[in-house]
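Trainee: Quick one: the structure is below, and I'll ask about it shortly.
The values are calculated or read from the model by the stated rules, or taken from the named source; none is laboratory data. These numbers were taken from a predicted model, which means no experiment stands behind them. Counting neighbours? That spans all protein chains shown, and the Cβs are built from the backbone with ideal geometry, glycine included. Only protein heavy atoms, including side chains, enter the accessible area calculation; ligands, DNA and RNA are left aside. Shrake-Rupley method; radii C 1.70, N 1.55, O 1.52, S 1.80 Å.
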Amino acid sequence: CDLAAPVEFDSDEILSAFGPCPRFWRPAAMPPQSRGALDESWFQALLGAVGISSEPSRSPRRNSSGTPMRGLRRIKTSGPQTHKLPFGVMWGITLSTAVLMAIINFCTIWIISFAVEWKFSTLQTLVDSHGILIAVLGFTCICSCGAVCCQILVTFCAPGAAGSGAPENKGFLNGNEIPGLWTSQNLIGRAVATMLANVSGYPVGREGPTVTMGSNLAYLITHVAALPFVRQWVDVDAPGSATSAAIMIDEDRFEHAKRIACTVGGACGMAMLFDSPIGGIVYMFEEITSTAWPVEVTFRAFAGTSICSLLSRALLNMCGTSTKAFVVYEWNPQPQGWSWRDVPFFVLLAVVVGPFSAFHTRACLAVATQRQKLMSTLSRYTKYAKAVDAIFYCALCAATYATVALLAKCRHLPLETSGEFVRYDCEEGKYNPVASLLLTTSEGAVKRLFSRHNVNEIHFRNELLAFLSYTILNIGLTGVPVPSGNFTGSMLIGGLAGRMMGALVRDYGQPGVAVSGVYAMVGSAAMLSGFKQMAVAVVVFITGAANDLNLVPPLMLAVTVALLLNKLINERGFDEEQILRKAIPFLGPDPPHLMDRIVALDLRDDLPREAILPPEAEYRVIKTALEQSKVNVFPVIKDGNICIGFATRVRLEAALQAWEDTGMIEATEMRANNIEVTVNSKDDSNPLGKLISVTVARESSFSGSMLPVFRLTERSPYTILEDMPGPRLYAIFAKAGAKAACVVSERGEFKGMITRGGLIEQSRRCEEAYDSNENNLTEEDTLDDEEELMLVGSQSRALTPHGTDQGSPSSSGPNPSSALGM
């Protein structure tokens, strides 16, 4: 299907499975967020190469015009959280994602390694030929040029590529729609901007952007490969209409397949960065939690990450190198890298680093808040102000690294490790310890910290200089619009802290303790676990980097201590805080505490009477409903108080547009009533849903002035009794994946609705109310039942639209029961 072709069709030429595309898909009329997800024709050749057929199963019998003569009387829907795609399709998606991610990673590391090597060799040449001052200025200019290119790309071409993308990815995998997130524009922009950001010298890593790129790639592949298998022909015939059937999309199946593929893509991205397939799987499991982890994902991720890692190794081996040259890896493990004498110092290190990681997170968030406030004062020039800020910060990082390295004392270069250190301003045969940690990539610095052979070659003072400069710049980077991953950065900060602890223990402690490299690994694990608030994945990654399973017990001990102390200070990790601050939709696995005393009637969405539709409605009624900008799901009510399903905004808007195109609304009537329709859907992520509405609207042009809304609805909605406790209904959305539910009385009368977005908003208000009240209590005070009820009551009044009756639609027209055949 050529999605860019503007093809006209009549009411008797409804879109076939792979026929011409409807004209409301013209590129000029389609929002850019939707176009990006559909413009992936280049995936078709790849899918054919791996044996995925893009043809659907047998189509219904067609008439001479190409339209099926008959279809299903009602759309068939599957159970929740299932896709029911053919075996070959899902496995083809998995393998395609793994192969493409390996190729992307191969190209990325080669480009970054070549550019970084050129940058630092140019710096060394300038030092040798023109002196330190010219070298520092030239180095800063080189880094600034990379930052300028990065900002041009992020500001004007792919604004969605700024940041790591991890909070948005978590929100999507949690079961929520985030329009405009997964587009080919963002994928390409994030890939190129990530390379530029790493080459420019920002204190960032590739982890967050690479995981997001994996999910983005998997989303696009699934969109192309799975679409033919989630469409159904459904009868939409009406009296006097020549139309017999139209295509409908089972959106729940489609989205579930996409989330499975996105999880696999993210796991592949993380597996390549650390050459750890198991680590990639565990990382994604801890990121999205078990409530959003389908059973089949485990094996698919297992296969995908293994193939991705093997192919990545094969590509690098063909070029005469290996994966270990580009990942954090210690080549020389020892039979027993630690002893019982080290355990107390490991615990002490975790006790120090755990709270430090909590305050590091708070400092990052505070910097982001202040930067946002500053940009808000420059609201007229926000786009350019952010770009200037990013370029200036890159120059600051480059100048700081080059200047701080001058404070180090040059040392003689050991022959056996001559390739690990940076000479910078030192004579031939010597090296600069601080430059060896700062004037390199973050992965290279972590590898030096983890090494067990340069135990006496960096020293405490140099480690302290590197720790202070890198930590301050890492904190100050928060909020700068560049693709940034904090995984390696946190490892570097913790590694420097552990290395300093090891140096102190070695110089002033007992003899026979572990080398400083082991302390660096323990410090990295403690810092990373606190910052990300995850445990198992951290131990897996650090153990793989250390190439030593003997380190598992001390690493687990340090992670346990650090994470416990961190949680005593910070309730949430950095990504979770970003989700809250950016208002990214995310429904946690457990309901907030205050919801224990709230019932379904108190959690209803604010639903105006105009947003409630009858099974058949006039143009004016639907137009009035669409004017309720805060409502995206519209309940369809029959007999005044019985909910038969939900219609989405995007379908209704497409139907109104189709009415105008077919002349359903006469020009004289529009002028008389001052009616003007503008399709401005907030749900740009699903333009395919408009297909149903256009078909039904064209049918209505033959059958009168009433649009059969009931044929646009999702039937058999979830129903919740009005007195159902909040935690019980919360599980329907958090664990069963419900998007909307009707609130009914004991007699089945419609009392309102609860949507996933509305429940997320109200849950956050409950959390804010509880947190604000808890902060005002002393350690000896607790909320008694009466105080908690008062707090619940005030919160419920803020949440619930008690002033309107949500039980009856504003409608005019014939009896909906007769139209439905009931």
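Trainee: Any residue that is out of contact with any strand residue (DSSP E or B) (no Cβ under 9 Å at 6 or more places or on another chain), in contact (Cβ under 8 Å) with a residue 24 or more places away in the chain, open to solvent by 20 Å² or more (accessible area, probe 1.4 Å) and more than 25 Å from residue 200 (Cβ to Cβ) - is there at least one of those in segment 359-367? Let's see the steps before the verdict.
Mentor: If we filter segment 359-367 for residues that are out of contact with any strand residue (DSSP E or B) (no Cβ under 9 Å at 6 or more places or on another chain), which is where we start, we get 359-367.
In the following step, the residues that additionally are in contact (Cβ under 8 Å) with a residue 24 or more places away in the chain were identified as 359-365, 367.
Filter once more, keeping what is open to solvent by 20 Å² or more (accessible area, probe 1.4 Å): 359, 362-363, 367.
Imposing the further condition that a residue be more than 25 Å from residue 200 (Cβ to Cβ) reduces the set to 359, 362.
Yes, there is a match, as at least one residue in segment 359-367 is out of contact with any strand residue (DSSP E or B) (no Cβ under 9 Å at 6 or more places or on another chain), in contact (Cβ under 8 Å) with a residue 24 or more places away in the chain, open to solvent by 20 Å² or more (accessible area, probe 1.4 Å) and more than 25 Å from residue 200 (Cβ to Cβ).
Trainee: Another question, then. Scan segment 297-321 residue by residue and report those that are closer than 30 Å to residue 574 by Cβ, out of contact with any Leu (no Cβ under 8 Å at 6 or more places or on another chain) and not hydrophobic (A, V, I, L, M, F, W, C). Outline the logic, then answer.
Mentor: So the first thing to find is which residues in segment 297-321 are closer than 30 Å to residue 574 by Cβ, and the list is 297-298, 300-302, 304-306, 308-309, 312.
Next, only the ones that are out of contact with any Leu (no Cβ under 8 Å at 6 or more places or on another chain) stay: 297-298, 300-302, 305-306, 308-309, 312.
Within segment 297-321, 298, 300, 305, 306, 309, 312 meet the criteria.
Trainee: Return the pair list, or none, for Cβ contacts closer than 7 Å from residues in segment 88-106 that are touching a residue at least 12 places away in the same chain (Cβ under 8 Å) to residues that are among the hydroxyl-bearing types (Ser, Thr, Tyr), at least 6 apart or on different chains.
Mentor: If the second residue must be among the hydroxyl-bearing types (Ser, Thr, Tyr), the pairs left are 93/222; 102/312; 105/312; 106/312.
Trainee: Counting only residues that are farther than 21 Å from residue 255 by Cβ and either crowded, with 18+ Cβ neighbours inside 10 Å or modelled with pLDDT of 75 or more (or both), how many does segment 702-741 have? Spell out how you get there, then give the answer.
Mentor: First, the residues of segment 702-741 that are farther than 21 Å from residue 255 by Cβ: 702-711, 719-729.
Filter again for either crowded, with 18+ Cβ neighbours inside 10 Å or modelled with pLDDT of 75 or more (or both), leaving 706-711, 719-729.
Adding up the residues that qualify gives 17.
Trainee: Would you point out the residue of segment 323-338, among those that are open to solvent by less than 40 Å² (accessible area, probe 1.4 Å) and in a loop (DSSP other than H, G, I, E, B), that is modelled with the highest pLDDT?
Mentor: My answer is 338.
Trainee: Same structure again: In the set 545, 497, 514, which member is over 20 Å from the mean Cα position of the chain (by Cα), touching a residue at least 60 places away in the same chain (Cβ under 8 Å) and outside any helix (DSSP H, G or I)? Outline the logic, then answer.
Mentor: Values: 545 fails: outside any helix (DSSP H, G or I); 497 fails: outside any helix (DSSP H, G or I).
The match here is 514.
Trainee: Would you be able to tell me the number of residues in segment 549-580 that are among the charged types (D, E, K, R) and either touching a helix residue (DSSP H, G or I) at 6+ places or on another chain (Cβ under 7 Å) or modelled with pLDDT of 95 or more (or both)?
Mentor: From segment 549-580, those among the charged types (D, E, K, R) are 567, 571-572, 575-577; that's our starting set.
Then drop every residue that is not either touching a helix residue (DSSP H, G or I) at 6+ places or on another chain (Cβ under 7 Å) or modelled with pLDDT of 95 or more (or both), which leaves 575, 577.
Qualifying residue count for the region: 2.
Trainee: Residue by residue through segment 501-525, note down the ones that are surrounded by fewer than 24 Cβ atoms within 10 Å (Cβ to Cβ) and of a type in the set (A, V, I, L, M). Walk me through how you get there before you give the answer.
Mentor: Initial filter on segment 501-525 (surrounded by fewer than 24 Cβ atoms within 10 Å (Cβ to Cβ)): 503-513, 515.
The answer is 503, 504, 505, 513, 515.
Trainee: Checking residue 565 against (1) part of a helix (DSSP H, G or I); (2) open to solvent by less than 40 Å² (accessible area, probe 1.4 Å), which single condition isn't satisfied?
Mentor: (2)
Trainee: Quick check on segment 592-602: of everything there that is in a helix (DSSP H, G or I) and open to solvent by less than 20 Å² (accessible area, probe 1.4 Å), which residue is modelled with the lowest pLDDT?
Mentor: Filtering first and then ranking leaves 594.
Trainee: Can you pull out every residue in segment 603-651 that is open to solvent by 10 Å² or more (accessible area, probe 1.4 Å) and part of a strand (DSSP E or B)?
Mentor: If the condition is that a residue be open to solvent by 10 Å² or more (accessible area, probe 1.4 Å) and part of a strand (DSSP E or B), then 616, 633, 638, 642, 643, 644, 646, 648 are the ones that fit.
Trainee: A further question follows. Given the conditions (1) over 28 Å from residue 493 (Cβ atoms); (2) polar (S, T, N, Q); (3) not in a loop (DSSP other than H, G, I, E, B), and given that residue 215 satisfies all but one, which numbered condition is not satisfied?
Mentor: In the conditions (1) over 28 Å from residue 493 (Cβ atoms); (2) polar (S, T, N, Q); (3) not in a loop (DSSP other than H, G, I, E, B), residue 215 misses (1) alone.
Trainee: Moving to a separate point now. So how many residues does segment 427-443 have that are open to solvent by 10 Å² or more (accessible area, probe 1.4 Å) and more than 12 Å from residue 402 (Cα to Cα)?
Mentor: 7
Trainee: Does segment 173-182 contain at least one residue that is open to solvent by less than 40 Å² (accessible area, probe 1.4 Å), in a loop (DSSP other than H, G, I, E, B) and at pLDDT 90 or above? Walk me through how you get there before you give the answer.
Mentor: Going through segment 173-182, the residues open to solvent by less than 40 Å² (accessible area, probe 1.4 Å) turn out to be 173-176, 178, 180-182.
Filter again for in a loop (DSSP other than H, G, I, E, B), leaving 174-176, 178, 180-182.
Subsequent filtering for residues that are at pLDDT 90 or above retains 182.
Looking through segment 173-182, at least one residue is open to solvent by less than 40 Å² (accessible area, probe 1.4 Å), in a loop (DSSP other than H, G, I, E, B) and at pLDDT 90 or above.
Trainee: Being of a type in the set (S, T, N, Q) and buried (at least 20 other Cβ atoms within 10 Å of the Cβ), is that true of even one residue in segment 370-383? Write out each step before concluding.
Mentor: Taking segment 370-383 as the starting set, the residues that turn out to be of a type in the set (S, T, N, Q) are 370, 372, 376-377, 379, 382.
Still in the running and buried (at least 20 other Cβ atoms within 10 Å of the Cβ): none.
The answer is no, given that none of the residues of segment 370-383 is of a type in the set (S, T, N, Q) and buried (at least 20 other Cβ atoms within 10 Å of the Cβ).
Trainee: Right, another one. When segment 116-142 is examined, which residues are found to be assigned to a helix (DSSP H, G or I), over 21 Å from residue 421 (Cβ atoms) and open to solvent by less than 30 Å² (accessible area, probe 1.4 Å)?
Mentor: Scanning segment 116-142 gives 138, 140.
Trainee: Only residues that are touching a Phe, Trp or Tyr at 6+ places or on another chain (Cβ under 9 Å) and of a type in the set (A, V, I, L, M): list them for segment 593-602, please. Don't jump to the end; show me each part of the working.
Mentor: Of all residues in segment 593-602, those touching a Phe, Trp or Tyr at 6+ places or on another chain (Cβ under 9 Å) come to 593-595.
Of everything in segment 593-602, those that are touching a Phe, Trp or Tyr at 6+ places or on another chain (Cβ under 9 Å) and of a type in the set (A, V, I, L, M) turn out to be 594, 595.
Trainee: While we're here: So residue 160 ticks every box in (1) surrounded by fewer than 22 Cβ atoms within 10 Å (Cβ to Cβ); (2) small (Gly, Ala, Ser); (3) at pLDDT below 90; (4) in a helix (DSSP H, G or I) but one. Which box is left unticked?
Mentor: (1)
Trainee: Tell me which residues, restricted to segment 714-729, are touching a helix residue (DSSP H, G or I) at 6+ places or on another chain (Cβ under 9 Å) and touching a residue at least 24 places away in the same chain (Cβ under 8 Å). Quick ask: steps written out before the conclusion?
Mentor: Start the filter on segment 714-729 by keeping residues that are touching a helix residue (DSSP H, G or I) at 6+ places or on another chain (Cβ under 9 Å), which leaves 714, 718, 720-729.
Correct list: 714, 718, 720, 721, 722, 723, 724, 725, 726, 727, 729.
Trainee: In segment 452-469, which residues are of a type outside the set (D, E, K, R) and open to solvent by 10 Å² or more (accessible area, probe 1.4 Å)?
Mentor: We begin by selecting, within segment 452-469, every residue of a type outside the set (D, E, K, R); these are 453-456, 458-460, 462, 464-469.
Within segment 452-469, 453, 455, 456, 459, 460, 464, 465, 467, 468, 469 qualify.
Trainee: Tell me whether segment 749-770 contains one or more residues that are among the aromatic types (Phe, Trp, Tyr), farther than 30 Å from residue 257 by Cα, open to solvent by less than 70 Å² (accessible area, probe 1.4 Å) and at pLDDT 90 or above. Show your work before the answer.
Mentor: Quick first cut of segment 749-770, residues among the aromatic types (Phe, Trp, Tyr) only: 750, 770.
Filter once more, so that each one left must be farther than 30 Å from residue 257 by Cα: 750, 770.
Narrowing the set further to residues that are open to solvent by less than 70 Å² (accessible area, probe 1.4 Å) leaves 750, 770.
Okay, now just the ones that are also at pLDDT 90 or above, so 750.
Checked segment 749-770: at least one residue is among the aromatic types (Phe, Trp, Tyr), farther than 30 Å from residue 257 by Cα, open to solvent by less than 70 Å² (accessible area, probe 1.4 Å) and at pLDDT 90 or above.
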